[in-house]
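K.L.:
Shown below is the structure under consideration.
Only the coordinates and a few stated rules stand behind these numbers; no lab work does. Please read these numbers as outputs of a predicted model, since none were measured by experiment. Glycine gets a Cβ as well: all are built from the backbone with ideal geometry, and neighbour counts include every protein chain shown.
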Amino acid sequence: MELLAHGEANVIFRLNSDRLVRVAVNTPNQRFGGDFSRVTAFEASILGYLQGTGLGHQLLDAQLQPSVDFPYTYSITNYLPGGPLNYSRLQLQQCATTLARLHRLPLQNDRLYQLMPLVQRVSQPLSLFFQEAWDYAQPYITSSDADPDVVAMLEILLTKAQTRLAAETLLSDYPHECLVHSDHTYENWVINPQQAYLIDWEWAEIGSPAGDLGHFLSPVTVRRYRNYQLPAEDKQFFLNAYYNALDDADLAQTMGVHFAVFGAFPALRSLCWTAGYWVTARRWYAGADSSSAVARMERLQESQRQFSTMWAEVMALLEEPLP
């Protein structure tokens, strides 16, 4: 086996030339209550639902409970050739097509709700994301080391988001639920000349497709790729490609309403998570001398330098008109 990556939540190995072994070792996702062994079962159920779609990995085997010999859980999948997302127009088109296919799946089969209760159904996404954003921000807001200016920005952001919660009822007027990936960090895409694949489903849920669109376009998400800022025309190019790939004018209208109502909230949650993570990362990595710890502290410092700019971008999203 060859070690490919050691992240915060998983250790990933390549087995021979055509297998991937993903070992769950941690989870920052509050929905799992800190029990990382639940992540493998969660992702295995999703890969089962997606079997045959070609949208991600094929599940080949899994250990869903820790054992005496190996006190972790893991999954074994096929290996997908390709590289991470680079935000070129070609790759934006490929990602838009993949998301449109994912979001259309409930129209093609009736197996979506078999994922419950393992996969959470989010019927009130604005309320949930607002609450999670508030929770993620609290470790920083209440920290004795907090910068008062950042605290003020977080409080303004949350207050602004709260004023948009009443628009949540519009989603009921244009109903559509589907499996949503929810974590579009560039490394969670594997892209080759033929297709864009989604990997790492730990944040998935059943709910509004705008959860994916909003997180994909979030300035917090995009900046993780070499401090990149997605031009406004490329954002519109991606949305147009997505709506066209749906190949259904009524569905495209529904998705447009969802994005206008809910699309800013994944960015809100991500920005609040970022501030809260500064506290967690300092506790975990400050003073550690491993290359991984040093890299994480460098990313922390970079996100602190970028925070006011990202804050302004997220505020602008929250000020866009509602349908």
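K.L.:
Among L179, L271, L118, whose mean-square fluctuation peaks in a Gaussian network model of the chain (Cα, cutoff 10 Å)?
P.N.:
Evaluated over the chain, the most mobile residue of the options is L118.
K.L.:
Here's something else I'd like to know. Would you mind computing, in nm to one decimal, how far apart the modelled labels at D69 and L318 are, each placed 7 Å from Cα along Cα→Cβ?
P.N.:
If labels sit at D69 and L318, their model points lie 5.2 nm apart.
K.L.:
Report the gain in length on full extension from D61 to V25: 0.36 nm times residue separation, minus Cα-Cα distance, nm rounded to one decimal.
P.N.:
11.2 nm
K.L.:
Over the stretch 82-318, what is the mean sequence separation of C-alpha contacts under 8 Å (at least six apart), divided by residue count, expressed as relative contact order in percent?
P.N.:
It comes to 30 percent, rounded to a whole number.
K.L.:
Can you give me the relative contact order of the stretch 46-158 as a percent, contacts being Cα pairs under 8 Å and 6 or more apart?
P.N.:
The normalised contact order for the stretch 46-158 reaches 16 percent.
K.L.:
Okay, moving on. Once you put a point 7 Å from the Cα of R305 and another 7 Å from the Cα of N16, both along the Cβ direction, what distance in nm separates them?
P.N.:
4.6 nm
K.L.:
What longest region of the chain stays clear of trypsin sites (Lys or Arg not before Pro) that DSSP places outside H, G, I, E and B and that have at most 14 other Cβ atoms within 10 Å?
P.N.:
The segment 112-225 is the longest one with no such site.
K.L.:
By its C-alpha gyration tensor, with a ≥ b ≥ c as the square roots of the eigenvalues, how is the stretch 204-272 shaped: rounded for a/c under 1.5, else prolate for a/b larger than b/c, else oblate?
P.N.:
Oblate is the answer for the stretch 204-272, as a/c is 1.5 or above yet b/c matches or exceeds a/b.
K.L.:
Could you quote the convex hull projected area for the stretch 78-166, Cα atoms only and averaged over all directions, in nm²?
P.N.:
So the Cα hull casts an average projection of 10.5 nm².
K.L.:
May I pose another question? Going by the alpha-carbon gyration tensor, a ≥ b ≥ c the square roots of its eigenvalues, is the stretch 1-79 rounded (a/c under 1.5) or, if a/c is not under 1.5, prolate (a/b greater than b/c) versus oblate?
P.N.:
Note, shape of the stretch 1-79 comes out oblate.
K.L.:
Give the residue list of GluC sites (Glu not before Pro) in the stretch 1-107 that are DSSP loop and have at most 16 other beta-carbon atoms within 10 angstrom.
P.N.:
In loop regions of the stretch 1-107 (DSSP not H, G, I, E or B), the sparsely surrounded GluC sites (Glu not before Pro) are E8.
K.L.:
Compute the relative contact order of the stretch 1-79 as a whole-number percentage, counting only Cα pairs closer than 8 Å that sit 6 or more residues apart in sequence.
P.N.:
Worked out over the stretch 1-79, it gives 28 percent.
K.L.:
Tell me the mean residue ellipticity at 222 nm calculated for the chain from its helices only (DSSP H runs of n ≥ 4, each -39500 (n - 2.57), averaged over every residue, nearest 500).
P.N.:
One gets -16000 deg cm²/dmol as the mean residue ellipticity at 222 nm.
K.L.:
Based on the Cβ-Cβ distance of K160 and N192, what FRET efficiency does E = 1/(1 + (r/R0)^6) give at R0 = 56 Å, to the nearest 0.05?
P.N.:
0.90
K.L.:
Cα centroid distance between the stretch 199-213 and the stretch 91-126, in Å?
P.N.:
If you average the Cα positions of each part, the centres end up 7 Å apart.
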